[in-house]
Amino acid sequence: MNESQPLLKSEVRKRPRFSWARWAAYSTFGILFILLFNLVFLPRTSVQRDWRRLHHVKVSFPDLERSLFQNIDSNRIRDWSYKYTQERHLAGENYPLVEWTRDKWQEYGIKSEIVQYDVYLNRPVDHAVNLYDESGKVVFSASLKEDKLDQDPTSNLTDSELVPTFHGYSASGNATGKFVYANYGTKEDYDRLVELGIDFTDKVVITRYGRIFRGLKVKFAQDLGASAVLIYSDPADDGGITEKNGYKPYPDGPARNPSSVQRGSVQFLPLLPGDPTTPGYASKPGVDRTDPYFSIPSIPSIPISYRDALPLLKQLNGHGPGPEEIGDGWKGDLDDFDYSAGPSVVDVNVFNEQDYDIRPIWNVIGRIEGVIKDEAIVIGNHRDSWITGGAGDPNSGSAVLIELARAFGELKKLGWRPMRTIILASWDGEEYGLLGSTEWGEEHKRFINAHVLAYLNVDVACSGSRFSASASPLLNDLIRRVAGRVPAPDGHRSLRYYWTGHDDKAEPHIGSLGSGSDYTVFQDHIGVPSMDMGFGPGGNDSVYQYHSNYDSFHWMDTYGDPEWKFHTTVAKLWGLLTITLSEQEVIPFKATEYGQSLADYVDGLQDKLEAVATEEIVRVYGQLKDSITSFIDKAKEFDAYTSRLQNEYSHDYPWYRFYKKITLLFQIKIANFKLFKIERQFVYEGGLDGRPWFKHVVYAPDRYKGYAGVLLPGLSEAIQDSNIEGIAKWTDIIQRAVDSAAKYL
Ligand SMILES: [Zn+2]
């Protein structure tokens, strides 16, 4: 039997077969839908916002600016000024003050260290100035000291707590002889006296301060065979704020105290700053040292007050050529002296004993690490002072720098991390000859050359009420713009408005850098765009008794800045410049003004050049002018382009224009590279003729003035010397520099 029994007859329902394809289709559709939904509603963002989010940069620029201004406190600045001005702090003195500065910065969250250099410098031991009569008897001995004043506690410190009156880098010596009055001791003054038949051999020269750097007054005398130099402060150079005009002398009024003495360095600054025994390299322990007399004097010099100078000067009355014969600008403002040049009939003795040695100096270097590691801004001020006080020079700047460090610390508490690294420097040894900054610059030349975008210097933040700034023209636009955002010290609108003398239409004038402060190694040796700024005396301000004991806390608190508002203004400007340079994505340099400055400098030399040069050279000079014109044309376009990039950077784009954002990032990277390179093209490795440490072909200190700048130094000196070969050489060097810089535009 074939038994078949249908078991269960049921319709086996076919389970629908699983379809991968359909699943995939649905899923894809779903994901796309979600994605599209998101994209449609995805906010437009700027590259700026994306970049900041990526790097966890939390604080916006307007918040930074607001917080910076809020945190800078004039009462605290007054406290810092007091702290810095209580004890002697000559170069290489007062290590506790160095540590205090470092510890303060550390306290504000800034990684800081003390950096030592071993430099050659002098300390005063003894000095005397004695006047003889015709029989050889001493009839007057100069006090060589400043008066102790009841109202000014600094002036009342014991002699060992005060710094003697002396010149940094003056030579030891003991000279006796006839003396000559040489006015300001400028090149022209000496030339004029030589023309009038005065023989300087073995003479003691008396000059007044002013017009040029004091070291050059000594150099020119030395070159003429003089045996010693005395330099005094004539009231004629006090801007009319004199006893004769009815002003009482300090401490009862704003005029100069008759005993006030200007100390200072007599290094030959326009030849070589820094340690005179280590030209071009850092003074680290054990390095080779060279003969220092290329850049320091070999004859003694002593600074004196006009009260001490007068008994000597009176001896010249009626002797030698007088002001009428010599010419304009010869007469000062002392009664009882007719400003005859001499020589004297009687002798003077100048005795100067200095102790020379290799001594340590200490910079403090602090660092706020930026997001972009390979770009840095350096800001610096020197700490060392010629006197125990130094409330103006340099500690108005030091007080501001500490307050700025504190304000940066407050910004860090908000979560701020600068975009570019910020380096803070408290230099030592500036007064002797820019020692601390120069040695540091020489040691870190490669790093600075490759990474430092700009150097912002404040030496004297305040010694009066008139604001001034000098800078590489690349920075001019930034300085004016930022000054327009900083509140004015007098409360009327902005610092920019105050700076132009309350004239809305005027462009504030920005000078060119010479030398005389710590920007020199950055601007003139390495080619880093630099600036210097501060409030100096002007108008009816009190006389600033520069490098004298009366540059004290009491003077500052009574006459200089009783409300501490000028200090506060500098702190805000310095701070805002620093964070703008640090935070603005496209480096805020503008090249057009650089080109226009070059054109002005070249035009300024044209007549003098034509007077001495050959036709061929005048033709080549025309080519240099063409190069500058083409630099300006390219610069205008480039400046417009970089402004556009910065705008686009903060402009919001929809997601699908991501390629635009990527392109923008690259464009900015390239533009920044170019902006960084412009100033470097003006460095000529061979250096200036006769002073190879100075390598910038556009800016250098004037060889006959020292502080003041000379423009296109190589060329202008060759013209001055009627040196045809030199004119040809420098026209070519400058043209190549201009062409090379134009390639980066
Ligand atoms: Zn100074």
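Results, tabulated for the structure shown:
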item: Residue in the stretch 104-114 that is over 30 Å from Val482 (Cβ atoms) and not assigned by TED's automatic domain parsing to the domain that holds Asp288 present; result: yes
item: Condition check for Gln315: modelled with pLDDT of 95 or more, under 30 Å from Asp291 (Cα atoms) and among the polar types (S, T, N, Q); result: no
item: Output for the stretch 186-214, where each listed residue is in a helix (DSSP H, G or I) and either in contact with a helix residue (DSSP H, G or I) (Cβ under 8 Å, 6 or more places away or on another chain) or open to solvent by less than 50 Å² (accessible area, probe 1.4 Å) (or both); result: Lys187, Asp189, Tyr190, Arg192, Leu193, Arg214
item: The stretch 420-468, residues that are open to solvent by less than 10 Å² (accessible area, probe 1.4 Å) and more than 16 Å from the ligand (Cβ to nearest atom); result: Arg420, Thr421, Ile422, Ile423, Leu424, Glu439, Gly441, Ile448, Val452, Leu453, Ala454
item: Some residue of the stretch 116-129 being farther than 30 Å from Gly366 by Cα and among the aromatic types (Phe, Trp, Tyr); result: no
item: Subset of the stretch 364-404 that is among the charged types (D, E, K, R) and either outside any strand (DSSP E or B) or surrounded by 24 or more Cβ atoms within 10 Å (Cβ to Cβ) (or both) - its residue that is nearest to the ligand (Cβ to nearest atom); result: Asp393
item: Complete set of residues in the stretch 243-256 that are touching a residue at least 12 places away in the same chain (Cβ under 8 Å), in contact with a strand residue (DSSP E or B) (Cβ under 8 Å, 6 or more places away or on another chain) and open to solvent by 10 Å² or more (accessible area, probe 1.4 Å); result: Glu243, Arg256
item: Evaluation of Tyr544 against (1) more than 16 Å from the ligand (Cβ to nearest atom); (2) farther than 30 Å from Gln116 by Cβ (one fails), failing number; result: (1)
item: Count - residues of the stretch 679-707 that are in a loop (DSSP other than H, G, I, E, B) and buried (at least 18 other Cβ atoms within 10 Å of the Cβ); result: 12
item: Residue check, Pro292 over 30 Å from Pro249 (Cα atoms) and either over 37 Å from the mean Cα position of the chain (by Cα) or not assigned by TED's automatic domain parsing to the domain that holds His89 (or both); result: yes
item: Any helices (runs of 4 or more DSSP H) falling wholly within the stretch 43-140 and containing at least 1 residues that are within 25 Å of Gly389 (Cα to Cα) and open to solvent by 60 Å² or more (accessible area, probe 1.4 Å); result: 74-84, 95-107
item: Residue, surrounded by the fewest Cβ atoms within 10 Å (Cβ to Cβ), within the stretch 623-662, restricted to residues that are within 27 Å of Pro62 (Cβ to Cβ) and among the hydroxyl-bearing types (Ser, Thr, Tyr); result: Ser650
item: Residue under evaluation Val521, criteria (1) part of a loop (DSSP other than H, G, I, E, B); (2) within 16 Å of the ligand (Cβ to nearest atom), criterion not met; result: (1)
item: Qualifying residue in the stretch 492-502 (condition: on the phi < 0 side of the Ramachandran plot, in contact with a helix residue (DSSP H, G or I) (Cβ under 8 Å, 6 or more places away or on another chain), of a type in the set (Gly, Ala, Ser) and open to solvent by 40 Å² or more (accessible area, probe 1.4 Å)); result: no
item: The stretch 663-678, residues that are among the aromatic types (Phe, Trp, Tyr) and either over 29 Å from the mean Cα position of the chain (by Cα) or open to solvent by less than 40 Å² (accessible area, probe 1.4 Å) (or both); result: Phe666, Phe676
item: Answer from Arg22, Arg53 - the residue that is charged (D, E, K, R), out of contact with any His (no Cβ under 7 Å at 6 or more places or on another chain) and either in the same structural domain as Thr569 (by TED's automatic domain parsing) or at pLDDT below 85 (or both); result: Arg53
item: Given (1) crowded, with 22+ Cβ neighbours inside 10 Å; (2) assigned to a loop (DSSP other than H, G, I, E, B); (3) not basic (Lys, Arg), number of the condition Thr290 does not satisfy; result: (1)
item: Condition met for Leu334 (surrounded by 15 or more Cβ atoms within 10 Å (Cβ to Cβ), among the hydrophobic types (A, V, I, L, M, F, W, C) and over 30 Å from Arg691 (Cβ atoms)); result: yes
item: Residue tally, condition of a type outside the set (Asp, Glu), open to solvent by 10 Å² or more (accessible area, probe 1.4 Å) and assigned to a helix (DSSP H, G or I), over the stretch 215-242; result: 5
item: Any hit, the stretch 569-581, residues being over 17 Å from Arg480 (Cα atoms) and touching a residue at least 60 places away in the same chain (Cβ under 8 Å); result: no
item: Any hit, the stretch 340-363, residues being within 16 Å of the ligand (Cβ to nearest atom) and at negative phi; result: yes
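This table checks each residue for (1) small (Gly, Ala, Ser); (2) over 19 Å from the mean Cα position of the chain (by Cα); (3) surrounded by fewer than 24 Cβ atoms within 10 Å (Cβ to Cβ).
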| site | (1), (2), (3) |
| --- | --- |
| Pro537 | no, no, yes |
| Thr558 | no, yes, yes |
| Pro562 | no, yes, yes |
| Thr568 | no, no, no |
| Leu576 | no, no, yes |
| Glu593 | no, yes, yes |
| Ala611 | yes, yes, yes |
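The values are calculated or read from the model by the stated rules, or taken from the named source; none is laboratory data. Here the structure is a predicted model, which is why all the values come from computation and not from measurement. Counting neighbours? That spans all protein chains shown, and the Cβs are built from the backbone with ideal geometry, glycine included. The accessibility values were calculated without ligands, DNA or RNA, using every heavy atom of the protein model including side chains. Shrake-Rupley method; radii C 1.70, N 1.55, O 1.52, S 1.80 Å.
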